[in-house]
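Reviewing the structure listed below.
The values are calculated or read from the model by the stated rules, or taken from the named source; none is laboratory data. Remember, it's a predicted structure, so these values are computed and weren't measured experimentally. All Cβ positions, even for glycine, are placed from backbone atoms using ideal geometry, and neighbour counts span all protein chains on display.
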Amino acid sequence: MASLDFVECFSNVEDPRVERTKWHALIDILFISVAGTLAGCDGPSDIESFAKTQLNWCRRFVELKYGVPSHDTIGRVIAMMKPDQFQKAFLDWVAAIVGDESDDGQFVSIDGKTLRGSGGAKHRENPLHVVSAWANEQGMTLGQVAVDAKSNEITAIPKLLEMLELKGAIVSLDAMGCQKEIAKQIVEGGGDYVLSLKDNHPKLCEAVNQFFLQRHEREDFVEYGCRQQQTKEKARGKVETRFYMVAPVPDELRSLTRGWKNLHSIGQAITVTTAPDGTETSEVRYYLCSIPPKVKLFSKSVRSHWAIESMHWVLDVVFKEDKSRLRNGDSTQNFGFLRKFVVTLLKRDTSKGSLVGKRKKAAWSTDFLEKLLFG
């Protein structure tokens, strides 16, 4: 039944090949690519080797009538597939696995990542930049849009938002996405926003900075409706203390905040990191928010955004994405989304162990691999 779900979800994906070159079925190539990536494969050559080693197991789910396709065929077919169809099929499949889990009030983080190995001959020329959406509560990738430079994130974000169901979601974005039109699009889609504010809006950023600085100096928090929270965590020998403050938009900022749809609050997040030797470093961030000035909701929104940054770290460390030299056609984008999808499957598994360890276990145990694949 699980394999039928896979076939059904990918049935609407167009085969990009001409009829006379369709020696291996598209569903076969897709299945071994997903299974192989879960089992530690980092590209088409590894996927071919995996499928040959586990041929009998693979044939329990797909026919592989003419054996295992070559790595050239795997890479060529994935590169030719339309990214939007490729993504939709994977999202339909994970929806079938997730079932009826509610996504009400979910935290959706949007952030960009440069795929450094996808550049030109020297791997530095025009690398692909991908803007992704991540549902933090569910640990699910929701979609991505590729652009040819980080500076084009502003054009990619609206396209990505169009792909998402925003009703009831709180969308967090870094400073690149802190734009009035993006805030408007999120609100009109039924969602809320928490936008990181930096020097791309210098006057507003300085005004917000001064507002919170004055509150700390004068300690008139109650008068301005400020709400505060402090947390402390210890990890890898370091202690991270975080201070959150959120307040209704003050009257003195109204002229500078005109045009930001449904702007209800401004926020400050301070992170103080104490190293084992006692050395301290600090970072201060400011935010524009459509959510009400509730500090627990604000702090959770800010912390949730770091989940997508963690996911990007996972892609580089666990999947060696930055070292990938795939750059033919849409192979960079499609294999990139495949990795994100595999991260979703790995994170949904509740057994103990690191993601690296789970990929190794999937390579050693087809029972565990099936569990990851089909839930």
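Points worth noting:
- Conditions (1) free of Cβ contacts under 8 Å to residues at least 40 places away in the same chain; (2) on the phi > 0 side of the Ramachandran plot; number of the one not met by S45: (2)
- The helices (runs of 4 or more DSSP H) found entirely in the stretch 1-90 that carry 2 or more residues being modelled with pLDDT of 95 or more and under 24 Å from the mean Cα position of the chain (by Cα) are 26-38.
- Among (1) of a type outside the set (F, W, Y); (2) out of contact with any Lys or Arg (no Cβ under 7 Å at 6 or more places or on another chain); (3) at pLDDT 95 or above; (4) surrounded by fewer than 21 Cβ atoms within 10 Å (Cβ to Cβ) - the single one D277 does not satisfy: (3)
- Count - residues of the stretch 198-254 that are closer than 16 Å to R285 by Cβ and acidic (D, E): 3
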